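Comments concern the structure below.
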Amino acid sequence: MDANLKKLQPYPFEKLRNLFSTANVNQELANINLSIGEPKSPTPSFIKQAMANNLSTLANYPKTKGEEFLRESIANWLCKRFSLPTNSVDPEQHILPVNGTREALFAIAQTIINNDGSAKVLLPNPFYQIYEGAAYLAGAEPVYIDFSVVDGDIPGLNAVADDTWRHTQLIYICTPSNPTGETIPLQCMQKLIELAHKFDFIIASDECYSEIYTDESNQPQGLLQAALANGDDQYQRCLAFYSLSKRSNSPGLRSGFVAGDASVMTEFLKYRTYHGCAMPLSTQYASAAAWSDESHVQENRRRYQQSFELAIKELSPHTNVERPQAGFYLWLPTPIDDEQFALGLYSQQNVTVLPGKYLARSVNKQNPGANRVRIALVATPQECHTAAIRITTYIKSII
């Protein structure tokens, strides 16, 4: 067996199951599960219809590269969404459809890392655990970075030593962040791109929450925008990852894409051809329909806005809750240990949230997820409101 498998930690939800295994739950209350970032709103009917209309394509092998119509719809969306010049994204060179960004975020490390015994992969802390697992299974050492933004800068990046940069082959960033909802300023991404050129590493920007934001006039910016702002229309050393799971309430569709550096995409396509991960044609038709429509995404944002407003109104008198810049998570401070908070809340109020420690690693004996829980406001606004009332009741009972 691959010895690197022994380095993998249990996934956060496995840890949560173990934590709850002996809980004495209040069965008088229906469970409200806000621990996992799985949208509960229905998938738009036109997406389902596009798939249903093309089920005859199940008789055909799909291409790993995907069909031109899908790549063109993605290129059009990218240029419109991120104000990129028309034709600055070439559907032939710059885009690959993927079966959800999770598998692509993992596979890119296997493609890029040259396992020479000194390779490092930098990742934010807290983080999406796929980044860490991808690094370990590619034979690299993960290095955990505080990506907190302070006065428009990221001090944690500035603190990385040149020797670490010299051994860095890949850095994962997440904007908007899972779990904090913080967005990375354009100038910070520009600076990171300059470091990538100086020290020769690839940037993998996980932007799957980019379409869930608060301010319609202030959309989260992306890595490809930063590359163009640096004068690079070839997006060298830059890869951006997007998904329909959150944007279009379609996690079961397993559909997303990667866009960026054509030279890296050529090698990634080669890897994926052997990996056997082509997107079914019926999924491609459904995906093209989704990327071509914005009205359902706007309605999605409106629904999340309502959930945030209701939840924060209940919670703010009793805890230092802050509304995130984007995404659908509350990164809630807890008055007691986060594991004990999650366990007590589940037992007393039958509300499921995720302890922050499960989403981070200790550096210098400090875990940035400690004494926080991640609350995914993915249920209906009414259920999120009910959950907030229950959380408030629990907080009152322990302080």
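The values are calculated or read from the model by the stated rules, or taken from the named source; none is laboratory data. Note that the structure is predicted; figures quoted are calculated from it, not measured. In this analysis, Cβ positions are derived from the backbone assuming ideal geometry, glycine residues included, and neighbour counts consider all displayed protein chains.
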What's the total number of residues in the range 340-378 that are touching a helix residue (DSSP H, G or I) at 6+ places or on another chain (Cβ under 7 Å) and under 25 Å from GLY156 (Cβ atoms)? 13
Checking the structure you have, find out if any residue of the range 256-268 is farther than 18 Å from PHE201 by Cα and either free of Cβ contacts under 8 Å to residues at least 60 places away in the same chain or not in a strand (DSSP E or B) (or both). no
Taking the criterion of being buried (at least 22 other Cβ atoms within 10 Å of the Cβ), of a type in the set (A, V, I, L, M, F, W, C) and within 16 Å of ALA311 (Cα to Cα), would at least one residue in the range 359-367 satisfy it? no
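This table checks each residue for (1) closer than 27 Å to TYR209 by Cα; (2) among the polar types (S, T, N, Q); (3) not assigned by TED's automatic domain parsing to the domain that holds GLY181.
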{"position": "THR22", "(1), (2), (3)": "no, yes, yes"}
{"position": "ILE36", "(1), (2), (3)": "yes, no, yes"}
{"position": "GLU72", "(1), (2), (3)": "yes, no, no"}
{"position": "LEU78", "(1), (2), (3)": "yes, no, no"}
{"position": "ARG81", "(1), (2), (3)": "yes, no, no"}
Which residues, counting only those in the range 304-359, are β-branched (Val, Ile, Thr) and more than 22 Å from the chain's Cα centre (by Cα)? ILE312, THR319, THR334, ILE336, VAL351
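Each row is one residue, and each column tells you yes or no for (1) polar (S, T, N, Q); (2) over 22 Å from HIS385 (Cβ atoms).
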{"site": "SER287", "(1), (2)": "yes, yes"}
{"site": "ALA290", "(1), (2)": "no, yes"}
{"site": "ARG301", "(1), (2)": "no, no"}
{"site": "GLN305", "(1), (2)": "yes, no"}
{"site": "PRO317", "(1), (2)": "no, no"}
{"site": "ARG323", "(1), (2)": "no, no"}
{"site": "TYR329", "(1), (2)": "no, no"}
{"site": "LEU332", "(1), (2)": "no, no"}
{"site": "LEU343", "(1), (2)": "no, yes"}
Can you confirm whether the range 136-148 contains a residue that is more than 25 Å from ARG374 (Cβ to Cβ), surrounded by fewer than 21 Cβ atoms within 10 Å (Cβ to Cβ) and at pLDDT 95 or above? yes
Neighbours by Cβ (under 8 Å, 6+ apart or cross-chain): first from the range 303-318, farther than 17 Å from PRO39 by Cα and modelled with pLDDT of 95 or more; second charged (D, E, K, R) and surrounded by fewer than 19 Cβ atoms within 10 Å (Cβ to Cβ): ILE312/ARG323
Wholly inside the range 1-102, helices (runs of 4 or more DSSP H) that include 1 or more residues that are farther than 23 Å from TYR329 by Cβ are 45-52, 68-81
Applying the selection to the range 110-135, what residues are under 29 Å from VAL373 (Cβ atoms), in contact with a Leu (Cβ under 6 Å, 6 or more places away or on another chain) and crowded, with 21+ Cβ neighbours inside 10 Å? VAL121, PRO126, TYR131
